[in-house]
């Protein structure tokens, strides 16, 4: 199925670098000296363009289109033809691309102080972005002398309200995990192993690690659970709510096999549900069993996809003993998901945050748990708006991968990532230098944090906790009353 | 145009307070003089006073000050009260007409006590019972607004300059051991009587200067616990937070001040271990109640007063002592005008609460 | 009773002063400053001052003596005149002062000498929060702020020039500044008569000990004038070691940005 067209101009010096960089077989060498373009294999990953020394190469959308039709678009017809030929479920990766689903972050504007209270200069005045996330008891306790007893369950301390989302070893390469772990250490935040286990070489990053327990239970053992500051139970993810995972046996080799504790060559299947959780009371049991296994020293996160009834689901999770609820929205990324699921299931994270936050407040339990939001957070303004809508902190996945070189070609599921990210091919993996990658991640999150401080300062807020759920900081444009009502914000000018 | 309560109004202000540790009751003359000198800090759109110890003959009863827009609102509110409380005494609050205060509502005062069998059935203590009833009046009886409802205390407020409000209410005829005053500078016109300060809940009264930047985060947090912020003012949300943290969570006022004006983490790191643990605990436990942005507040309560600045000290606050009397004000001049030679005069540090209470032998 | 005495001038000023008490439309002001600043070459004495704002505002010359507690914005925009206060100053004194002398035989409130560009501000006692924020030097102007007691938090924040000296007289061995001293300063110097590093001093600042030579050359002339103003002993003001706080010029804010 041809979607892109590869071209070159006269500045090409036939160094053949592009063919060496292309991992999809789209650019081949003919007779050792000429280039052969296999347009249909091109994913528009931009690797060849980036590495062409003379800027000779162009990747464009294929201008050959089917006859225009107001109902059946080009992609619709191509997909029909593909499925007619193959009988296959369409597979894709990265985040949802539903064209008519609004990105509410872009319809929200922020406030600033003028006259009635002072704005604050973040470069000079203290500006706190540290967040503690975890559960809180309903009341204080005092000892016999009236001194307050520390009855807080374990909390995660984030120096900035930005963490890295769960991405599993197997779906992504070990070098990506290395970069995420060491960047987290430098930033004072957390990275998340995803469901593929934790490579032994990364045990030293324990203080900045969140380990995941998913339905496949890959690589989960006592040491794994205790080599982290928090354990995340993954119920679902925004890109494919209600759907399990399947890492093909071809990728279960070497360290991936060892880390996942799955024999080489055997498929690693993550069932759609946890088969020990068929109801909410079963979740409470899993939460408590993990707490027992970790001697009540670790926070437990429950991660769910933002679905229609996310508010009562979150309320149930809050009452299950979980310390933190992670909600992954409609636009959340994935290494592989059925395209129809990715683009049609779930709800945008903005609406999910607002409705969960409001519901937990109605039930008087919002202060008892923390909320982490993720799913399509692209920049510091998105982070800021997510927190003002009610999140304690956010996680970024796709944005972190972009910092490592990803150009969102959505071909992760092929395992041929030309940027060395979503691949286990040793040759391709080498393309990502974990140290350089960590530096880029640190730069990115530091820059966003500086921007968040600027925006906070402009509003006269000097601590991020005073921003959480502070909806007066937000106004909407181009929204209807229902959308404003769910988000709990006013229209601009009101 | 939207009235206060339908929209959030910013405002600047002047505050002043006098507290007699020995329980000596002084007339309202002094507090009027003090707040009047800061005339420039108000704009005539709100002034008010709170005083404690003014109703010794009725000190065991809840004293309700209520504004009514209409006679029917009064009748409805009185029927409501009559069903739930024993009304010991009721009267109009005496006022003096001067032409400077206009558009006055009907202003009534009641001394009441919960009907014993209803109180027992409700399984609430009498404070909670009364507080619930007054919140209900504010929420459900149109044109009725409970200004204050504590014991042996009362709030007197209006639209106008504070010194004119004092004359209107004949404040000099009351004697109390504790007085706070407020002159308001809201950014809207016209002011609204109920929107003036002090704001009050049971025995708690708050006067406040500044505009907090954490407002909506704080409001949404405190509304979880049964409070309803109808006025959308900073003072209202601060009052509810203090009531929640002290009366319902059992924090001391000092601990409460350490939550709402919590030190920066970098400052906490400099403290000794025990302090560090306490401050960290309170910040983590009650992170929703950290108040950021400028504020200086005077909190009146039964038998005491607290003065508190935000942690950056973005609003001015001066304290002074002379013998058994303690003074607080936005400006030193407002203290000097009533006490020329204090024994001690100082500016409390940002986030450092100054709490004064009646001497032991005078505890009521 | 408040009195206004204008030396070398007619007594009719008294009437003007009283008439100013009810001024601008709707917003009564208690400000005699317009008249006072116009009496440029006179010496004016005001006793029992109580909260009147803007005293000595933009005064170009002459002397204004105040007894009592002048109100906010005392000597703001002072432009060459002399304002002497026997009592405490409230908030925002010497705001954007350009030249002249403000000497307070007492303490000062918050936001003292904000954005001051030149002249001298001498405080005998303590200063509140945010003293000397964004003080500057420009051309031949150099602002000087001397605080005899101690200063509150955020002293000399954003300092862009000039000299701040805190003597801590009577606070020997204790902290003489609050938190966040000199945050974001990028020029100028803060001298502290102490050997203690200020609480949570920013990483972007350099703290150094003051040499004998610098003490002699920079501090001694300023402090002898200061000591003379309040009849203090210069020896006491100069006794013990001083530390200096300055910006680390190797750290610029330019690095913070990336052009899109």
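Before moving on, here are some points about what is shown:
- Exactly one residue out of A:386, A:447 is in contact with a strand residue (DSSP E or B) (Cβ under 9 Å, 6 or more places away or on another chain), in a helix (DSSP H, G or I) and modelled with pLDDT of 95 or more: that is A:386.
Yes/no matrix, rows are residues, columns are (1) more than 28 Å from residue C:105 (Cβ to Cβ); (2) surrounded by 15 or more Cβ atoms within 10 Å (Cβ to Cβ); (3) under 19 Å from the mean Cα position of the chain (by Cα); (4) more than 14 Å from chain A (Cβ to nearest Cβ):
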| residue | (1), (2), (3), (4) |
| --- | --- |
| C:215 | no, yes, no, yes |
| C:218 | no, yes, yes, yes |
| C:227 | no, yes, yes, yes |
| C:232 | no, yes, yes, yes |
| C:244 | no, yes, yes, yes |
| C:248 | yes, no, no, no |
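- Strands (runs of 3 or more DSSP E) within segment A:235-317 that include 2 or more residues closer than 21 Å to residue A:156 by Cβ and over 22 Å from the mean Cα position of the chain (by Cα): none
- Top-ranked residue in segment B:301-339 [being free of Cβ contacts under 8 Å to residues at least 60 places away in the same chain and part of a strand (DSSP E or B); ranked as farthest from residue B:242 (Cα to Cα)]: B:322
- Of the residues making up segment C:200-238, those that are under 12 Å from residue C:167 (Cβ atoms), assigned to a loop (DSSP other than H, G, I, E, B) and touching a residue at least 12 places away in the same chain (Cβ under 8 Å) number 1.
- Scanning segment B:235-290 for residues that are under 21 Å from residue B:305 (Cβ atoms), surrounded by fewer than 20 Cβ atoms within 10 Å (Cβ to Cβ) and in contact with a strand residue (DSSP E or B) (Cβ under 7 Å, 6 or more places away or on another chain) turns up B:253, B:254.
- With respect to the conditions (1) at pLDDT 95 or above; (2) over 14 Å from residue C:190 (Cα atoms), residue C:163 lacks only one, and its number is (2).
- Test: residue in segment B:16-27 that is under 30 Å from residue C:54 (Cα atoms), assigned to a strand (DSSP E or B) and within 14 Å of chain C (Cβ to nearest Cβ): yes
- Selection over segment A:185-197 of residues that are touching a residue at least 60 places away in the same chain (Cβ under 8 Å) and in a helix (DSSP H, G or I) gives a count of 4.
Yes or no, residue by residue, for (1) outside the structural domain of residue A:210 (by TED's automatic domain parsing); (2) exposed (fewer than 14 other Cβ atoms within 10 Å of the Cβ); (3) more than 23 Å from residue A:429 (Cα to Cα):
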| position | (1), (2), (3) |
| --- | --- |
| A:252 | no, no, no |
| A:265 | no, yes, no |
| A:269 | no, no, yes |
| A:280 | no, no, yes |
| A:286 | no, no, yes |
| A:290 | no, no, yes |
| A:296 | no, yes, yes |
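Matching residues to (1) under 17 Å from the mean Cα position of the chain (by Cα); (2) within 14 Å of chain C (Cβ to nearest Cβ):
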| site | (1), (2) |
| --- | --- |
| B:235 | yes, no |
| B:248 | no, no |
| B:252 | no, no |
| B:260 | yes, no |
| B:266 | no, yes |
| B:276 | no, yes |
| B:308 | yes, no |
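- Qualifying residue in segment A:80-99 (condition: farther than 20 Å from residue A:406 by Cα and touching a strand residue (DSSP E or B) at 6+ places or on another chain (Cβ under 7 Å)): yes
- The one condition from (1) more than 10 Å from chain A (Cβ to nearest Cβ); (2) under 19 Å from residue B:350 (Cα atoms); (3) out of contact with any strand residue (DSSP E or B) (no Cβ under 9 Å at 6 or more places or on another chain) that residue B:228 does not meet is (2).
- Some residue of segment B:72-85 being more than 14 Å from chain C (Cβ to nearest Cβ), modelled with pLDDT under 95 and within 28 Å of residue B:226 (Cβ to Cβ): no
- Residue match in segment C:90-106 (condition: within 24 Å of residue C:150 (Cα to Cα), within 12 Å of another protein chain (Cβ to nearest Cβ), surrounded by fewer than 24 Cβ atoms within 10 Å (Cβ to Cβ) and at pLDDT 95 or above): yes
- Filter pass, residue C:170 being free of Cβ contacts under 8 Å to residues at least 24 places away in the same chain and more than 27 Å from residue C:80 (Cα to Cα): yes
- Only one entry in C:173, C:168 is surrounded by 22 or more Cβ atoms within 10 Å (Cβ to Cβ), farther than 20 Å from residue C:249 by Cβ and out of contact with any helix residue (DSSP H, G or I) (no Cβ under 6 Å at 6 or more places or on another chain), namely C:168.
- If the condition is being at pLDDT below 95 and either over 23 Å from residue C:130 (Cα atoms) or more than 10 Å from chain C (Cβ to nearest Cβ) (or both), then segment B:310-335 contributes only B:310.
- Selected residue (criterion: nearest to the chain's Cα centre (by Cα)) from residues of segment C:135-151 that are crowded, with 24+ Cβ neighbours inside 10 Å and either at pLDDT below 95 or farther than 20 Å from residue B:348 by Cα (or both): C:145
- Residue in segment A:53-62 that is loosely packed, with under 14 Cβ neighbours inside 10 Å, without any contact (Cβ under 8 Å) to a residue 40 or more places away in the chain and either outside the structural domain of residue A:485 (by TED's automatic domain parsing) or touching a helix residue (DSSP H, G or I) at 6+ places or on another chain (Cβ under 8 Å) (or both) present: no
- Hits in segment A:105-141 (condition: outside any loop (DSSP other than H, G, I, E, B) and either in contact with a strand residue (DSSP E or B) (Cβ under 8 Å, 6 or more places away or on another chain) or assigned by TED's automatic domain parsing to the domain that holds residue A:156 (or both)): A:107, A:108, A:109, A:110, A:128, A:131, A:132, A:133, A:141
- Of the criteria (1) away from chain A (no Cβ under 14 Å); (2) in contact with a helix residue (DSSP H, G or I) (Cβ under 9 Å, 6 or more places away or on another chain); (3) surrounded by 22 or more Cβ atoms within 10 Å (Cβ to Cβ), which one residue B:169 fails: (2)
- Unique match (being farther than 30 Å from residue A:188 by Cα and touching a helix residue (DSSP H, G or I) at 6+ places or on another chain (Cβ under 8 Å)) among A:91, A:82, A:110: A:91
- Residue within segment B:193-208 that is within 14 Å of chain A (Cβ to nearest Cβ) and out of contact with any helix residue (DSSP H, G or I) (no Cβ under 8 Å at 6 or more places or on another chain) present: no
- Entry remark, segment C:92-127: residues being touching a strand residue (DSSP E or B) at 6+ places or on another chain (Cβ under 8 Å) and in a loop (DSSP other than H, G, I, E, B) number 17 in total.
The values are calculated or read from the model by the stated rules, or taken from the named source; none is laboratory data. No experiment lies behind these values; they were computed from the predicted model shown. Glycine gets a Cβ as well: all are built from the backbone with ideal geometry, and neighbour counts include every protein chain shown.
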